[in-house]
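Enquirer: This is the structure, below, for whatever I ask next.
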Amino acid sequence: MSFIELVGLHKSYGDHTVLQGIDLQVEQHQVVTLIGASGSGKSTLLRCINALEPIDGGEIHIDGDVVSGPGVNVDSLRRRVGMVFQSFNLFPHMTVLDNIAIGPIKLQGIRPDVARERARSLLERVNLGNRADYYPDQLSGGQQQRVAIVRTLAMEPKAVLLDEITSALDPELVAEVLNIVRELAADGMTMMLATHEMHFAREVSDLVVFLEQGRLLEKGPPEQVFGDPIEPRTREFLRQIVEAGRL
């Protein structure tokens, strides 16, 4: 069975339908990238998987368990599936180290000294070991986003969802964040990411999913979707991306 499985997923806001019957399987250690125009449903799809948005129809399965609908243990779900957002969402009054350690301490009952040691080790991994005692406003945007990724990894999730994690960054800071994601992919982390970084999507993905107005219009390996897309709308979207110099 797939690690993440979406079955007939529907989501609406009032009369506006955002997701229309999404069926998708994500295998363990697979990197699945969601592409599509703004408003196509990429972020909403990720937020539904992490139970940040209730769904209106269908089911979400994580590692064989149904994690949608009433009675779901949201804390248990989020221990297995972490999420990194466009905005860094760091606590401004806490140091970098405490931002990372608080989750394992509060949600997993990890001893504070153990949680902080784990946090220091992860910060070293992303070349931020010398920033442990800084506050978020003393860091660049790229550094803050790397801390946000580390904060998610500190919970030791089995999968990570990444929602446009470079969209709030200056162009020169994008590479340092994407390098962390490359390393996670190389280490076998199961990931779903929504991104407008098409070069990166082509490089790192096992499966590329094109969403259009809330529908899963096309999916396949990156060489097929980017090199020889089947659907006319996929071809048109990628043509515009090429003309804009982003692929």
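Values quoted throughout were computed directly from the atomic coordinates according to the rules given, and no laboratory measurement underlies them. Please read all numbers here as calculations on a predicted model, not as lab measurements. We place every Cβ from the backbone using ideal geometry, glycine too, and count neighbours over all the protein chains shown.
Enquirer: Of the conditions (1) outside any loop (DSSP other than H, G, I, E, B); (2) in contact (Cβ under 8 Å) with a residue 60 or more places away in the chain; (3) of a type outside the set (Lys, Arg), LEU77 clears all except one; give me its number.
Expert: Just one mismatch for LEU77, condition (2).
Enquirer: Would you confirm whether any residue within segment 43-51 is closer than 30 Å to ALA132 by Cβ, touching an Asp or Glu at 6+ places or on another chain (Cβ under 6 Å) and aliphatic (A, V, I, L, M)?
Expert: Within segment 43-51, one or more residues are closer than 30 Å to ALA132 by Cβ, touching an Asp or Glu at 6+ places or on another chain (Cβ under 6 Å) and aliphatic (A, V, I, L, M).
Enquirer: Can you list the strands (runs of 3 or more DSSP E) lying wholly within segment 131-220 that have 1 or more residues being more than 13 Å from the chain's Cα centre (by Cα)? Before you say what the answer is, go through the steps one by one.
Expert: Details: elements: 159-163, 190-194, 207-212, 215-220.
In segment 131-220, 207-212, 215-220 are the strands (runs of 3 or more DSSP E) which contain 1 or more residues that are more than 13 Å from the chain's Cα centre (by Cα).
Enquirer: Filter segment 161-183 down to the residues that are buried (at least 22 other Cβ atoms within 10 Å of the Cβ) and touching a residue at least 40 places away in the same chain (Cβ under 8 Å), then identify the one that is farthest from VAL32 (Cα to Cα).
Expert: ILE165
Enquirer: A follow-up question, please. From the residues in segment 36-65 that are in a loop (DSSP other than H, G, I, E, B), among the acidic types (Asp, Glu) and touching a strand residue (DSSP E or B) at 6+ places or on another chain (Cβ under 7 Å), which one is farthest from VAL208 (Cα to Cα)? Spell out the reasoning first.
Expert: Of all residues in segment 36-65, those in a loop (DSSP other than H, G, I, E, B) come to 36-41, 50-56, 63-64.
Within this subset, residues satisfying the condition of being among the acidic types (Asp, Glu) are 53, 56, 63.
Now narrow it down to the ones that are touching a strand residue (DSSP E or B) at 6+ places or on another chain (Cβ under 7 Å): 53, 56.
Details: GLU53: 23, ASP56: 25 Å.
Only one residue tops the list, namely ASP56.
Enquirer: Separate question: Hey, any hits in segment 6-15 for a residue that's surrounded by 16 or more Cβ atoms within 10 Å (Cβ to Cβ), among the hydroxyl-bearing types (Ser, Thr, Tyr) and within 28 Å of GLU236 (Cα to Cα)?
Expert: Taking segment 6-15 first, the residues surrounded by 16 or more Cβ atoms within 10 Å (Cβ to Cβ) are 6-7, 9-11.
Filter again for among the hydroxyl-bearing types (Ser, Thr, Tyr), leaving none.
Taking every residue of segment 6-15 in turn, none turns out to be surrounded by 16 or more Cβ atoms within 10 Å (Cβ to Cβ), among the hydroxyl-bearing types (Ser, Thr, Tyr) and within 28 Å of GLU236 (Cα to Cα).
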